[in-house]
Amino acid sequence: MFKYILKRIALSIVIVFVIATITFFLCHAIPGGPFDREKPLNPTILENLNKKYNLDKPLGEQYIDYMVDVAKLDLGPSYYYTNQTVNDFIERCFPVSFLLGVCAMLVAVVLGIPAGIISALKQNGWQDNILKILTTILVSLPNFVIASGLMYILGYKLELLPVALWGTPQQMIMPVLALSAYPLSYITKMMKSSMLEVMSSDYIRTARSKGVSKFMVTYKHALKNAILPVITVMGPMFAGIITGSLVVEKIFAIPGLGQQFTEAIFNRDYTMIMGLTIFYSILLISSILIVDIVYAIVDPRIKLGKEKVE
Amino acid sequence: MSKLLTVNELCTSFFTKFGEVKAVDHVSFELDKGEVLAIVGESGSGKSVTSMSIMGLVAKGGKIISGEIIFEDEDLAKKSEKELSKIRGKEIAMIFQDPMTCLNPVFTIGNQMEEVLKIHQKQLSKKERHAKMVEMLEKVGLANPLERLKQYPHELSGGMRQRIMIAMSLLCNPKLLIADEPTTALDVTIQAQIVDLMRDLKDEFNTAIILITHDLGVVAGIADKVAVMYAGEIVEEAKVDDLYYHPLHPYTWGLLKALPRLDMKENELRPIPGSTPDLLLERKGCPFFDRCEYAMECCKEHRPDKFVKENGHSVKCWRYHEDFKEVE
Amino acid sequence: MMDEVMKKELSFKRVPKEDKEEEKILRPSSTFLKDAWYRFKRNKLGLLGAVIILLMLIFAIVGPMISSYSYETQDLNNIYASPSLEHLMGTDNLGRDMFVRMAYGARISLSCGFVASLISVGIGVIYGAASGYAGGRVDTIMMRIVDIIDSVPSMLYTILLMVVLGNSLTNVFIVIGITGWLGMARLVRGQVLSLKQREFVLAAKVSNVSNAKIILKHLVPNAFGSIIVSMTLSIPSAIFLEASLQFLGLGISAPMPSWGGLANEGITAMRAYPYMLWFPAIFISLTILAFNFLGDALRDALDPKQG
């Protein structure tokens, strides 16, 4: 078990390294330097800037320097906001995005799992039919449509909720809903099919033949099995929420990291784009790692399967 | 003395989008205490549905349409879900075909066995439950019972799991054990061990057994009576020796011919041609008509009556009508 | 009882084997495509999806032809005009006709969906087939690469590539195309691997027919269903990705409209001029919904096992 976790961590580090490398070279392949402005800068200033950012060194050296910094979790200075570093921005903006993402994830899990169970237990009943329609529509609505629809109705027409910024619980409701819609319906669908599959399995029949009540069969025997596949999609799900937050943060003018990323794209702030891409990758790869470890703990088959291999 | 179990004209149907499937069609049989009845038939002949009807666990879409299932003077077909769950696992226990999938993969053996005792023998203390489980695991021939209790199903072999299923089913000393193809998924050597085990336990606990199988070889070793099912009906029922030595129904003849024996010569093993009929189609005559070598004109139009011989040997085939004579 | 039997006038005459309908086929047989079409036809939502997509295509093709406006002509005397007979969907902040802009948007968003998924399918089929065909170590390494790429959400490297390549229509097609092939590669690889184990491939090997030839010949019909389904379902995600890029200021450049760009403009103006949001929002959502319906229906029809 312990060995398995170590192995997974090592692999994750390798992946981050590969991503950082690709990102670095992609960003340095962009034609023109980072200080190409509409009005060309004074050559001496440009030279000084290049020196400041080590851009006068050969690419290989720059790469090694950058990688060493990344290993130290230092993502370097911003090209655009010349006296701030990428880390400064992450420290300032990430907590906002993190809270947003975690809330959306919680909404999706807390509502999606019971909804999926209800859908499965009442298969083809009215509850199931309503949920089927809802999930089908929610899966197809892009997050910006949901965000703007909520904003128009709850914000402008009914004037129930503030339409922008972040901080108060009221400000959080709409962005969280907009972000959680897709994962919520996805988890509902997945939980339903997983539950249906488990409920028709042999060990459920065994449990019933032992005299276990329907209720206990559902909530003890079936639930623990049915929830396993849902755990495995949590990692990619979180990734979806994070990338979704880029758009949602922009629509609600939330001062999060996604907003920062959009701005960096607009300003062509390459170190910021590079740094944030790497940061997001680290975040997502660690979330997938955590999900894998949790899965190995919850499912007895995985744990021992791996031990036998070793 | 009244019978332990009397199944009377039981009909169980499944309602699919293509129509009604009569999976069990007017099935009747009786079982005494400690007696072993084998129900034999091809897959799809309705033997499993018969057993699930007795348990009250017919799968979704299926329903008992008519008939009685009298167990200890009470009709199980009329009982509520709650009443039935008090009988399941305590009075009537069941073991299934595939031990690999019949135990819940995310709970330990101990947890799953203890559940039965927690439900049906609430008076037992934790210690007593534990002692009982260990005792039962020893009885089914498992070494290191203490360790087994802590293990998960995937850590055990198929034979071990089937032993655990048997131990679990006998924990409450049930009066009837339904074994649905208990040996089919196992290796041949393990099969014999499991059959031996079931026979020993039957003698020890005086449990009646309904053994469902498609393997006539397994039947010979353990059963008192045999019922042959075909397309939802019992086409022949007899004491085990009568059935082996004087089979009456052409289908049973076919089954016995399809059974490999050591003294057989090459090419002697004869499968029955064709396959079981589509239960969706309404049929008038004998269900075996299409595949029967001896089919007669009357078989096409009229469903055979049940003919019973003095020794209780019953058969549903027109060949045993008093007016029958061979006409080519 | 006996009387009753007697009344039946039983005939004990043997029925010869030939007279029995022993081998009769109980249900009419059907070809795969006929079967699939039958299943598809019964799926109302799938048909609805197909109709919506068709309408969108007609709108995209015919819309600009029947409109007397161009998507870039500004009319500053007539900004934010509400929908009317003159401007069916109103005008935007620069007085441009929204109907014709929506129709051009449909052209761009739909072609982005189609072209990008064709590119993904192309790359995915080649990569997957190569990986599955090579097998062994090569296969392991190639699939590990897929796993690694898959562990980063496609949105991230789509953004990165767009930043590197710069904004243009072609770049959007290419970038979305080359970020969406992973699933297809896995699918095709799986098909190839299972094909390789089938008897007819073994038989072909024995008779010295090239393995690759056999696989290609059998891969197409075997994987056809799942490839079509997977492609249908990847079109809406391409449309969605393109729209999202517009929000981040990436993608095609103004004044050329895409639905995502129009929605983005609509959000800014929605408080006073909500129609500017409703049209693009509804069109995008309907299209994505329609493709999802169609894809699900096709999966049920072509791939009944998976459904």
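For region B:54-71, indicate whether the set of residues that are more than 20 Å from the chain's Cα centre (by Cα), at positive phi and not basic (Lys, Arg) is non-empty. Scanning region B:54-71 turns up at least one residue that is more than 20 Å from the chain's Cα centre (by Cα), at positive phi and not basic (Lys, Arg). Taking the criterion of being at pLDDT below 85 and over 25 Å from A:Arg205 (Cα atoms), would at least one residue in region B:221-244 satisfy it? The answer is yes; a qualifying residue exists. Under the condition of being within 8 Å of another protein chain (Cβ to nearest Cβ) and either touching a residue at least 60 places away in the same chain (Cβ under 8 Å) or at negative phi (or both), the residues counted in region A:205-217 number 9.
Per-residue answers, yes or no, for (1) surrounded by fewer than 22 Cβ atoms within 10 Å (Cβ to Cβ); (2) within 21 Å of B:Asp180 (Cβ to Cβ):
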{"position": "B:Ala59", "(1), (2)": "yes, yes"}
{"position": "B:Ile65", "(1), (2)": "yes, no"}
{"position": "B:Glu68", "(1), (2)": "yes, no"}
{"position": "B:Met100", "(1), (2)": "yes, yes"}
{"position": "B:Leu103", "(1), (2)": "no, yes"}
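Here is a list: B:His130, B:His120. Which entry is under 25 Å from A:Leu223 (Cα atoms) and at pLDDT 90 or above?
Working: B:His130 fails: under 25 Å from A:Leu223 (Cα atoms).
From the options B:His130, B:His120, the qualifying one is B:His120.
Only one of the numbered conditions (1) assigned to a helix (DSSP H, G or I); (2) more than 9 Å from every other protein chain (Cβ to nearest Cβ); (3) surrounded by 19 or more Cβ atoms within 10 Å (Cβ to Cβ) is not met by A:Thr243, and that is (2).
Take the conditions (1) in contact (Cβ under 8 Å) with a residue 60 or more places away in the chain; (2) under 16 Å from the mean Cα position of the chain (by Cα); (3) surrounded by 16 or more Cβ atoms within 10 Å (Cβ to Cβ); B:Glu91 misses just one of them, which is (2). All conditions in (1) under 28 Å from the mean Cα position of the chain (by Cα); (2) surrounded by fewer than 16 Cβ atoms within 10 Å (Cβ to Cβ) hold for C:Ser84, with the sole exception of (1).
Of all residues in region C:142-172, which are in contact (Cβ under 8 Å) with a residue 60 or more places away in the chain and either closer than 22 Å to A:Leu276 by Cα or within 8 Å of another protein chain (Cβ to nearest Cβ) (or both)? C:Ser154, C:Met155, C:Thr158, C:Ile159, C:Met162, C:Val163, C:Asn167, C:Val172 - these are the residues of region C:142-172 that are in contact (Cβ under 8 Å) with a residue 60 or more places away in the chain and either closer than 22 Å to A:Leu276 by Cα or within 8 Å of another protein chain (Cβ to nearest Cβ) (or both).
Could you identify the single residue in A:Gly125, A:Gly76 that is over 23 Å from A:Gly256 (Cα atoms) and either within 14 Å of another protein chain (Cβ to nearest Cβ) or at pLDDT below 90 (or both)? Before the answer, list the steps.
Working: A:Gly76 fails: over 23 Å from A:Gly256 (Cα atoms).
The unique qualifying residue is A:Gly125.
Condition (residue is within 11 Å of chain A (Cβ to nearest Cβ) and either under 22 Å from B:Ile234 (Cβ atoms) or touching a residue at least 40 places away in the same chain (Cβ under 8 Å) (or both)) applied to region B:12-35: is it met by at least one residue? Checking region B:12-35: not a single residue is within 11 Å of chain A (Cβ to nearest Cβ) and either under 22 Å from B:Ile234 (Cβ atoms) or touching a residue at least 40 places away in the same chain (Cβ under 8 Å) (or both). Could we say that B:Gln123 is more than 12 Å from chain A (Cβ to nearest Cβ) and more than 19 Å from the chain's Cα centre (by Cα) here? For B:Gln123, the condition - more than 12 Å from chain A (Cβ to nearest Cβ) and more than 19 Å from the chain's Cα centre (by Cα) - is met. Take the conditions assigned to a helix (DSSP H, G or I) and of a type outside the set (Phe, Trp, Tyr) and apply them to B:Lys127. Does it pass? The answer is yes for B:Lys127.
In this structure, is C:Ala254 more than 8 Å from every other protein chain (Cβ to nearest Cβ), among the aliphatic types (A, V, I, L, M), out of contact with any Pro (no Cβ under 8 Å at 6 or more places or on another chain) and in contact (Cβ under 8 Å) with a residue 60 or more places away in the chain? Taking the combined requirement at face value, the residue does not satisfy it.
If you check C:Ile235 against the conditions, is it closer than 30 Å to C:Gly190 by Cβ and crowded, with 24+ Cβ neighbours inside 10 Å? Yes; evaluated as a whole, the condition is true for this residue. Scanning region A:130-179 for residues that are under 14 Å from C:Ile267 (Cα atoms) and touching a residue at least 12 places away in the same chain (Cβ under 8 Å) returns A:Asn143, A:Phe144, A:Ile146, A:Ala147, A:Ser148, A:Leu150, A:Met151, A:Gly155, A:Val163, A:Ala164.
Every residue, every condition in (1) under 30 Å from A:Ala164 (Cα atoms); (2) at pLDDT below 90; (3) at the interface with another protein chain (Cβ under 8 Å from one of its Cβ atoms); (4) not in a loop (DSSP other than H, G, I, E, B), yes or no:
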| position | (1), (2), (3), (4) |
| --- | --- |
| A:Ala226 | no, no, no, yes |
| A:Ile231 | no, yes, no, yes |
| A:Gln260 | yes, yes, no, yes |
| A:Leu283 | yes, yes, no, yes |
| A:Leu289 | no, yes, no, yes |
| A:Ile297 | no, yes, no, yes |
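Where helices (runs of 4 or more DSSP H) fall entirely within region B:147-249, those with at least 3 residues that are crowded, with 24+ Cβ neighbours inside 10 Å are at B:158-170. Please go through region C:62-100 and pick out each residue that is out of contact with any Gly (no Cβ under 9 Å at 6 or more places or on another chain) and assigned to a helix (DSSP H, G or I). Of everything in region C:62-100, those that are out of contact with any Gly (no Cβ under 9 Å at 6 or more places or on another chain) and assigned to a helix (DSSP H, G or I) turn out to be C:Val62, C:Gly63, C:Pro64, C:Met65, C:Ile66.
Specify which of the listed residues (A:Phe98, A:Phe89) is more than 14 Å from every other protein chain (Cβ to nearest Cβ), more than 30 Å from A:Leu131 (Cα to Cα) and surrounded by 15 or more Cβ atoms within 10 Å (Cβ to Cβ).
Values: A:Phe98 fails: more than 30 Å from A:Leu131 (Cα to Cα).
Every option except A:Phe89 fails the conditions.
Considering C:Phe279, C:Phe283, C:Phe291, the condition of being over 30 Å from A:Phe266 (Cβ atoms), surrounded by 17 or more Cβ atoms within 10 Å (Cβ to Cβ) and not polar (S, T, N, Q) is satisfied by C:Phe291 alone. With the structure loaded, tell me whether B:Ser45 is buried (at least 23 other Cβ atoms within 10 Å of the Cβ), touching a residue at least 24 places away in the same chain (Cβ under 8 Å), under 12 Å from the mean Cα position of the chain (by Cα) and within 14 Å of chain A (Cβ to nearest Cβ) or whether it fails that test. No.
Residues in region B:32-65 that are farther than 27 Å from A:Ser213 by Cβ and part of a strand (DSSP E or B): 5 in all. Inside region C:257-274, can you point out the residues that are touching a Pro at 6+ places or on another chain (Cβ under 6 Å) and either among the hydrophobic types (A, V, I, L, M, F, W, C) or touching a residue at least 24 places away in the same chain (Cβ under 8 Å) (or both)? Within region C:257-274, C:Trp259, C:Leu262, C:Ala263 meet the criteria. Taking the criterion of being facing chain A (nearest Cβ under 7 Å) and either in a helix (DSSP H, G or I) or touching a strand residue (DSSP E or B) at 6+ places or on another chain (Cβ under 8 Å) (or both), the residues of region B:95-110 that qualify are B:Phe96, B:Thr101, B:Cys102. Where helices (runs of 4 or more DSSP H) fall wholly inside region A:112-202, the ranges with 2 or more residues that are of a type in the set (Gly, Ala, Ser) and surrounded by 14 or more Cβ atoms within 10 Å (Cβ to Cβ) are A:143-150, A:169-199.
Is there a residue in region C:187-206 that is closer than 18 Å to A:Pro236 by Cβ and either at pLDDT below 80 or in a helix (DSSP H, G or I) (or both)? For region C:187-206, residues closer than 18 Å to A:Pro236 by Cβ and either at pLDDT below 80 or in a helix (DSSP H, G or I) (or both): present. Residues in region B:82-92 that are of a type outside the set (Ser, Thr, Tyr) and facing chain A (nearest Cβ under 7 Å): B:Lys86, B:Arg88, B:Gly89, B:Lys90.
The values are calculated or read from the model by the stated rules, or taken from the named source; none is laboratory data. As the structure is a computational prediction, the values presented were derived from the model and not from experiment. Positions of Cβ are backbone-derived with ideal geometry, glycine not excepted, and every protein chain shown enters the neighbour counts.
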